[in-house]
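Peer 1: Below is one structure. I have some questions about it.
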Amino acid sequence: MEEIIEVKGREILDSRGDPTIEVEVKTISGSIGVACVPSGASTGKFEALELRDNDERFYGKGVLKAIKNIELIIAPEILGLDVLNQEEIDRRMIELDGTKNKSNLGANAILGVSLAVSRAASHFLDIPLYKYIGGFFTDTLPVPFLNIINGGKHAENNLDIQEFMIVPFGFNSFKDAIRASSEIYHTLKNILKKKELTLGVGDEGGFSPNLENNEEALKLIVEAVDEANYKLGKEIFLALDSAASSFHKDGKYFFEGKEVGSSFMIDYYEKLIDKYPIISLEDPLSEDDYEGWKDLTKKLKDKIFIIGDDIFVTNKEKLIFGIENGIANSILIKVNQIGTLSETLEVIKIAKMNGYNYMISHRSGETIDSYISDLAVGTSSLMIKAGAPSRGERVSKYNRLIQIEEEVGENKRFGSEFLRIKR
Ligand code: PGA
Ligand code: ZN
């Protein structure tokens, strides 16, 4: 038993310069856990609610109400509880809130406390966070998905697809995978420069040039991989997050200047997959296009990871619906979509039990908190995405994983699970 004696929130800035919450939890013997809350831009309709002040401060984006909820409502409820009893603490916060989407206290308030509690617990036990989350046999590093060209809601350019990622899994270690990614990123920069395209970056650190069409982004990446002397389809694979809800309206996709249906989009993806070593498609279709999702899943489920982000919002019920209806074969995991560590772990458990893969993910609005790196190792996740190999809030995740790899030792299993699905 290690009593919680203090819970404090403070308003800090995220990577977009918007306010977010940092929570500090202190226990009786002096262990402290600090955690920061991320924030999305292309959010799913059914995500847990991020409570904002909607007043004149920060153009309405202040989080003082959520911080008040932490200090005046949540703290009195959990002071004196055992910091090691994560489930009980999370359950009490969920009950205290009393809504389905945490709109009463704010998912940002609840999540900050939930994550800070787990960190304080790991400090009290004097073990790394990933071991606290996953037990002592957690020693496999996830394969990183690095978003090196940004579009959609994360950039001001003309690309509909939000994320063009490289997936370096043909390496013996996480560290080598990151080295390759960094070299490809810099080579891509030179290529863009030579072509006199803009070198500005989007929210997740990837470049954001205006291009002829979406496929051009893949062509540029292929060129960069080649020029950096890496083998496409052997060492480096590709992945997309279309975030298709953001170009879907009234049952139609507004894609590359055309108004098209889901069958057009599915054909488009099938052709891309034939042409490029694409290993996963995230949100290829809109969050409410269930029929399209079923169709696409049927066609592609044995070839690639089909990852549901907006359609599942890290929510148990949504995932179960997807499993029962043949929607996707993988789920994206974002802690702030659901709002507590316990519920996040429960969703992962359901995915595992049903043969769905899962990818731990950052948000487009981040802080330097590298919690998700420990979460990925702690849950033995095969995959993590944390943006480009550039910008402090992105590299903090990759750097933490490099540190963890040093602790657990390089592992032959790095990326090996991927061989099953290798194309
Ligand atoms: P978001 O984007 O954090 O803006 O929602 C990330 C994603 O769609 O995966
Ligand atoms: Zn997504």
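The values are calculated or read from the model by the stated rules, or taken from the named source; none is laboratory data. Worth saying up front: this structure is predicted, and the values here are computed from it rather than measured. We place every Cβ from the backbone using ideal geometry, glycine too, and count neighbours over all the protein chains shown. Ligands, DNA and RNA are stripped out before the accessible areas are found, and what is left, the full protein with its side chains, is counted by its heavy atoms. Shrake-Rupley method; radii C 1.70, N 1.55, O 1.52, S 1.80 Å.
Peer 1: Which length gain, in nm to one decimal place, applies between Arg16 and Glu324 when the Cα-Cα distance is subtracted from 0.36 nm times their residue separation?
Peer 2: Stretched out fully, the Arg16 to Glu324 stretch lengthens by 107.1 nm.
Peer 1: Can you tell me the FRET efficiency between Ser103 and Glu71 if r is taken as the Cβ-Cβ distance and R0 is 22 Å, rounded to the nearest 0.05?
Peer 2: E between Ser103 and Glu71, to the nearest 0.05, is 0.70.
Peer 1: Reachable aspartates and glutamates from Lys189, Cα under 19 Å, same-chain residues fewer than 8 places away excluded?
Peer 2: Excluding near neighbours in sequence, the set is Glu156, Glu163, Asp203, Glu204, Glu212, Glu215, Glu216, Glu223, Asp226, Glu227.
Peer 1: Give the residue from Gly308, Thr297, Ile338 lying farthest towards the positive end of the charge dipole for segment 291-346; charges sit on Cβ (+1 for Lys and Arg, -1 for Asp and Glu) and the dipole is referred to the Cα centre.
Peer 2: Of the listed residues, the answer is Thr297.
Peer 1: So what is the 222 nm mean residue ellipticity for the chain from helices alone, if each DSSP H run of at least 4 adds -39500 (n - 2.57) and you divide by all residues, rounding to the nearest 500 deg cm²/dmol?
Peer 2: After summing the helix terms and dividing by the residues of the chain, the value is -11500 deg cm²/dmol.
Peer 1: Measure nothing but the geometry: give the 0 to 90° angle between the long axis through the Cα atoms of 290-300 and the longest principal axis through the Cα atoms of the chain, rounded to 10°.
Peer 2: Its long axis makes an angle of about 60 degrees.
Peer 1: Pick out, from Ser373, Val167, Gly40, the residue whose Cα sits farthest towards the positive end of the charge dipole of the chain, with +1 on the Cβ of Lys and Arg and -1 on the Cβ of Asp and Glu.
Peer 2: Projecting each Cα onto the dipole axis, the largest value belongs to Val167.
Peer 1: Let's see if you can work this out: charge +1 on each Lys and Arg Cβ, -1 on each Asp and Glu Cβ, no other charges. What is the dipole magnitude of segment 94-241 about its Cα centre, in debye to the nearest 20?
Peer 2: Approximately 340 debye in magnitude.
Peer 1: Oh, and also: Could you tell me the calculated FRET efficiency between Lys234 and Phe137, based on Cβ-Cβ distance and R0 = 25 angstrom, to the nearest 0.05?
Peer 2: The computed FRET efficiency comes out at 0.25.
Peer 1: How many percent of DSSP beta bridges within segment 140-417 run antiparallel, rounded to 5?
Peer 2: On the way: 16 of 37 bridges.
Restricted to segment 140-417, the bridges split so that about 45 percent are antiparallel.
Peer 1: Could you please state how large a percent of the accessible area of segment 60-218 is carbon and sulfur, counting protein chains only and using a 1.4 Å probe?
Peer 2: Roughly 47 percent, rounded to a whole number.
Peer 1: Enumerate by residue number the trypsin sites (Lys or Arg not before Pro) in segment 18-116 meeting two conditions: DSSP loop (anything except H, G, I, E, B), and at most 14 other Cβ atoms within 10 Å of the site's Cβ.
Peer 2: Details: sites: Lys26, Lys45, Arg52, Arg57, Lys61, Lys65, Lys68, Arg91, Arg92, Lys100, Lys102; in loops: Lys45, Arg52, Lys61, Lys100, Lys102.
Loop-located and lightly packed - Lys45, Lys100.
Peer 1: Something else now. Under a 10 Å cutoff between Cα atoms, tell me which one of Glu324, Glu71, Glu56 has the largest fluctuation in the Gaussian network model of the chain.
Peer 2: Per the Cα network of the chain with a 10 Å cutoff, Glu56 tops the list.
Peer 1: Under a 10 Å cutoff between Cα atoms, tell me which one of Asn69, Asn147, Asn229 has the largest fluctuation in the Gaussian network model of the chain.
Peer 2: Asn229
Peer 1: Counting Lys and Arg as +1 and Asp and Glu as -1, each charge on the Cβ, what is the dipole of segment 4-126 about the Cα centre in debye, to the nearest 20?
Peer 2: The dipole magnitude comes to about 260 debye.
Peer 1: Using a 1.4 angstrom probe, figure out how much accessible area segment 140-417 has per residue, in square angstrom, rounded to the nearest whole.
Peer 2: Numbers: 10110 Å² over 278 residues.
Roughly 36 Å² per residue, with all protein chains present.
Peer 1: Report the label-to-label distance for Lys175 and Glu256 in nanometres (one decimal), using points 7 Å from each Cα along the Cα→Cβ vector.
Peer 2: 4.2 nm
Peer 1: Let's see if you can work this out: charge +1 on each Lys and Arg Cβ, -1 on each Asp and Glu Cβ, no other charges. What is the dipole magnitude of segment 140-417 about its Cα centre, in debye to the nearest 20?
Peer 2: Working: 33 positive and 45 negative charges, 115 e Å.
Rounded to the nearest 20 debye, it is 560 debye.
Peer 1: Go through Thr140, Ile110, Leu81 and say which Cα lies farthest out towards the positive end of the charge dipole of segment 79-143; charges sit on Cβ, +1 for Lys and Arg, -1 for Asp and Glu.
Peer 2: Value: Ile110.
Peer 1: Can you tell me the FRET efficiency between Glu87 and Lys219 if r is taken as the Cβ-Cβ distance and R0 is 56 Å, rounded to the nearest 0.05?
Peer 2: Given R0 = 56 Å and the Cβ-Cβ separation, E is 0.70.
Peer 1: Could you work out the relative contact order of segment 145-220, using alpha carbon pairs under 8 angstrom and six or more residues apart, expressed as a whole percent?
Peer 2: 38 percent.
Peer 1: Continuing with this model, one more query. Between Met93, Met265, Met383, find the one with the highest GNM mean-square fluctuation for the chain; connect C-alpha pairs within less than 10 Å.
Peer 2: Its mean-square fluctuation being the largest, the pick is Met265.
Peer 1: Using a probe radius of 1.4 Å on heavy atoms only, what accessible surface per residue do you get for segment 4-126? Whole Å² is fine.
Peer 2: Dividing the accessible area of segment 4-126 by its residue count gives 44 Å².
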